[in-house]
Amino acid sequence: MRTSSPGSSRASRRAVWRGRALQVLLIAAVAGGAFWLVHHALETLRARGVRSGFDFLLQSAGFEISEGWLDFDSGQPFWRAFLAGLINTVRAAVPAALIAVAFGTLLGIGRLAPHALLRGLCAVYVDTVRNVPLLVQMLMLYFALTQLLPDSMEAIELLPGVWLSKGGLALPWPLREPGAFWPSGLDWPEQGGFNVTGGAALSPEYLAVVGALALYTAAFVAEIVRAGIASVSSGQKLAAQALGLAPGQQLRIVVLPQALRVIVPSLTNQLLSLTKNSSLAVAVGYPELVSVANTSLNATGRAFECIAVVMLVYLLLSLAISAAMNFYNARVALRGWQ
Amino acid sequence: MSTAPPPLASASKRWTAELFGSPWRALASVLLLLAIGWAAMHAFDWAVLHAVFRADAEACRAVRHGACWGVVAEKWRPMLFGRYPYEAQWRPAVAVVVLSAVTLLSAWPRSWRWWLLPLWVVALALFVVLMRGGVAGLAYVPTNRWGGLPLTIGLAVVGLAMAFPLALLLALGRRSQWPAARALCATYIELVRGVPLISVLFMASFLLPLLWPAGWQPDVLVRVLAGLSLFVAAYLAEIIRGGLQAVPRGQTDAAVALGFGRWPVQRDIVLPQALRLVVPALTNNVVGTLKDTSLVTVVGLFELTGALGLALGGDPTWRPFYLEGYLFLALVYWVMCFGLSRYSAWLERRLGAGNRA
């Protein structure tokens, strides 16, 4: 504790004022610097005759988007292309996150399993996948999916109705009559003369993105789950044993709920990383937000605007995920004494 | 109170108990062993028994179910050095050795002394001289010909070195007494951590030329380095802040009581302790940055990942063997990253042991 004697109060008051003045100076310097940079950039753009502004978002895009939930054709405006890209980001990130959390949890539990072979196997997976860049894994998976699989004429039937080939994966999909809410049946893909038709088709780009994101993130989730379980004191587990709970029950009822308090904050960070990492899809040509922005950038030359849209959307996505996970965390967190 | 230790079982007995102690255990072990054996047999078959190791494309195409490591034998130089002039490729090789040697030396806690900093400056200068040339009789090689492993390592090292001072400022600023400084630093850190690296790299490569004085264009390498270090700094700052928070408050109070001023307290008392605490976390961040450098291939720099596309993409003879190329690439990354993560874990145990003592 610092105590101030009466003699030093004048000096400390002066220090306070000096601090305030310096803060004003700091803000002025940062704001001035930012203003100068923007001004200079706009000047340069004007001097080069480059048009700037966000008005292009209302013009028609002139390119197609190969897949996605939102129908898009080249006559529609750029903002709709960005929206389709964003929806494609979600379409890849959500399944990848679900698989990563499920698979990662299993791996994390496996790393603490009372069986040496299982432990070793999980450790090898985690140590291999974590130490190779995601981009390399994604490109490798994409190459394997598009080059090493058989042509769609000779698609492999993995399960009844599930076909895998260079053309992607075909799945049975609920068939819905127009206007009806409940599906009337399943649309089964069939092996035609030249390719697989019917059902839902997933492109190799989509499979590569989701697969690589899920397998890569699972290794990180595994480490988080392992650390979380290890953080629960061994007395808890012994007490659960003493109560006569089976090993699975011990984990489910006693250990995991306590481990969640440690796991959830780190898991939030991993889900945020996964969402941001989905931007690597630009490298395999899956039309998510960054790909669409890249295409728009090349079509219009408005680099700053396109990248700014991407950054803004990702910031909002990050905020939304943080908020959702914080809400969940508040529910699992230790309640204080009230 | 301690209980008597159980009698030491021999290693083989413990293994038998672990693997075959009960019927379920034995069943699980047998199933797992069968699965592992089956996978290992097929992998060995593909990667060794039926593989072609010679740089012979004909032989590779003739083999249906074997790996073609010939692609590595044939293309390892463009894979590792990109478009660097062929006859001068000893230079990037020496540059990589120099940086690796200094990195290994810095990994040894005994060498954490003041002379490490000048040593790194000399090593980086040597790296640039070797790569760029133009002096001491070395031919000039423009940065757009740089590529492969030296570029990957160089980007990571220089990016981190440039990010570190900024990260230090951001971390101290986020704990400043001034609300304005705290708000500025927190805004920067959170904004950068909220966007993907690719968007920062795109922004750097398109926007930086606009900020430069007219008539002089910054090199792509400079733009990418700027983007990378601005990005990495936000993550480093959070790690350093964690270290600063872990230094007990009493340390600052004691230093103030001894008459230290505001900056000397941070410089001489708090930071040295905080940085020591976060070396393992920093090492993990180095691994992350090393992996992240693979993204610069998207903005047109041919580091390891980009160099593979360069080496195989334009060559129809070897293009079918991309998978083996990727596996080789993955191995190179894995050796570097796994080594660093093991080091980080070792250091954490060592520092932890030191703290308990």
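Structure values in brief
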quantity: Selection from A:SER66, A:ASN269, A:ASN131, by position along the positive dipole direction of the protein assembly as shown (Cβ); calculated: A:ASN269
quantity: Shape category assigned to chain B from the gyration tensor of Cα positions, a/c cut at 1.5; calculated: oblate
quantity: Shape call, region A:32-73: gyration tensor on alpha carbons, a/c limit 1.5; calculated: prolate
quantity: If the convex hull is drawn through the Cα atoms of the protein assembly as shown, its volume per residue in Å³; calculated: 261 Å³
quantity: Sorted by Cβ density within 10 Å, fewest first, the residues A:LEU148, A:LEU251, A:LEU274; calculated: A:LEU148, A:LEU251, A:LEU274
quantity: Residue order, fewest to most beta carbons within 10 Å, for A:TRP173, B:TRP15, B:TRP69, B:TRP108; calculated: B:TRP108, B:TRP15, A:TRP173, B:TRP69
quantity: Cleavage-rule hits, trypsin sites (Lys or Arg not before Pro), region B:65-127, DSSP coil, Cβ neighbours within 10 Å at most 14; calculated: B:ARG113
quantity: Scattering curve values for region A:6-160, log₁₀ I(q)/I(0), Debye with Cα scatterers, q = 0.11 Å⁻¹; calculated: -0.91
quantity: Loop chymotrypsin sites (Phe, Trp or Tyr not before Pro), region B:99-191 (other Cβ atoms within 10 Å of the site Cβ: 10 or fewer; DSSP); calculated: B:TRP114, B:TRP115, B:TYR140
quantity: Förster radius 41 Å - calculated FRET efficiency between A:VAL124 and A:TRP173 (Cβ-Cβ, nearest 0.05); calculated: 0.70
quantity: ³J(HN,Hα) computed for each position of region B:120-130 - Karplus, 6.51 cos²θ - 1.76 cosθ + 1.60, integer Hz, glycine/proline x; calculated: 5, 4, 4, 4, 5, 4, 4, 4, 5, 4, 5
quantity: Region B:95-140 shape via C-alpha gyration tensor axes, a/c threshold 1.5; calculated: prolate
quantity: Loop-resident sites, region B:190-253, for chymotrypsin sites (Phe, Trp or Tyr not before Pro), counting at most 14 other Cβ within 10 Å (DSSP); calculated: B:TRP216
quantity: Reciprocal mean inverse distance between Cα atoms of region B:108-199 - Kirkwood radius, Å; calculated: 16.4 Å
quantity: Theoretical ellipticity at 222 nm over chain A - DSSP helices of four or more residues, -39500 (n - 2.57) apiece, nearest 500; calculated: -20500 deg cm²/dmol
quantity: Of the DSSP H helices in chain A, those whose Cα atoms cover at least 24 Å axially and whose Kyte score averages 0.5 or more; calculated: A:78-110, A:204-231, A:303-332
quantity: Given 10 as the ceiling on other Cβ atoms within 10 Å, longest exposed-site-free region of chain A for chymotrypsin sites (Phe, Trp or Tyr not before Pro) in DSSP loops; calculated: A:195-336
quantity: DSSP loop trypsin sites (Lys or Arg not before Pro) with at most 12 other Cβ within 10 Å: longest gap in chain A; calculated: A:52-334
quantity: Under 5 Å, built H, 5+ apart or other chain: amide partners of A:LEU175; calculated: A:SER184, A:GLY185, A:LEU186, A:ASP187
quantity: Cysteines without a disulfide-compatible neighbour (Cβ-Cβ under 4.7 Å), the protein assembly as shown; calculated: A:CYS122, A:CYS306, B:CYS185, B:CYS337
quantity: In order through region B:43-51: 3J(HN,Hα) via Karplus (6.51 cos²θ - 1.76 cosθ + 1.60), integer Hz, x for Gly, Pro; calculated: 4, 5, 4, 6, 7, 10, 4, 9, 7
quantity: Positive-pole candidate from B:PRO78, B:VAL94, B:LEU104, dipole of region B:57-118, charges at beta carbon; calculated: B:LEU104
quantity: Order of B:THR152, A:THR44 - criterion: other Cβ atoms within 10 Å of each residue's Cβ, fewest first; calculated: A:THR44, B:THR152
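Every number in this text was worked out from the coordinates using simple rules, so none of it is lab data. It should be emphasised that the depicted structure is a prediction, and the values quoted were computed from it without experimental measurement. Please note: Cβ atoms are built from the backbone with ideal geometry, for glycine as well, and neighbour counts cover all protein chains shown.
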